[in-house]
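Worksheet for the structure shown next.
No lab work stands behind these numbers, since they all come straight from the coordinates. Just so you know, these numbers come straight off a predicted model, no measurement behind them. No Cβ is skipped: glycine too gets one built from the backbone with ideal geometry, and neighbour counts run over all protein chains shown.
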């Protein structure tokens, strides 16, 4: 026989945050859409032509194994920079024993994260302090797919049935860093990519951003604060 128990197992953190009196939050740099190369654009054009040919010949063919997917990018309706900083300022304020400061101007470039000279000139702190900053990207898409019934009934004279399925997909990518002042040493850096998919295509982007930020925060705080992670274990009973 066995018995299931739940344990809070602390994570190891190489940082000693108690040694710092202040954490300064600098708004993330928002990364834009990556530029496509000419080869990628040409390849995309070829793919679109192939898709059109498939649509033309589909009438007399059995349903495809994989439905074609249409991706529609949605313009941002939420202040990503402001929402992220407000969220992390609140969470650091709850967990960090020292002072939490929030800057208004974002980092000019993510390349400056690894520039000690920049942080030497920027810092006016005499006491040991940390900077929390990085790069962020938040995307919202509507993905639509035509779904076919794979095995139509023999008496169905109208052919295979089809329907349109739509999903809202939200993606948050973060590259966060903790920088020691005044030395400019990067003492911690980690990348996150969180995704939320829902059948509610009108799901508020602000709610999705909050949920994805919360997921990233849980992993981040385990790493830098050594927060406990709930786990299940089984005890053998004789």
Rounded Å value of the spacing that divides the Cα centres of the stretch 111-132 and the stretch 182-219: 24
13 Å cut-off, amide nitrogen to a point 7 angstrom out along residue 30 Cα→Cβ, residues in the stretch 174-213: 206
Segment residue 103-residue 121, length gained on full extension (0.36 nm per residue, minus Cα span): 4.9 nm
Estimated inter-spin distance, residue 191 and residue 207, nm [label 7 Å along Cα→Cβ]: 3.1
Gain upon complete extension [residue 74, residue 214; 0.36 nm per residue less C-alpha separation]: 48.2 nm
Values of log10 I(q)/I(0), in the order q = 0.27, 0.31 Å⁻¹, for the stretch 161-208 under a Debye, Cα-only, solvent-free model: -0.97, -1.09
Taking the stretch 167-232 and dividing mean pair separation by its residue count, relative contact order in percent (alpha carbons under 8 Å, at least six apart): 32
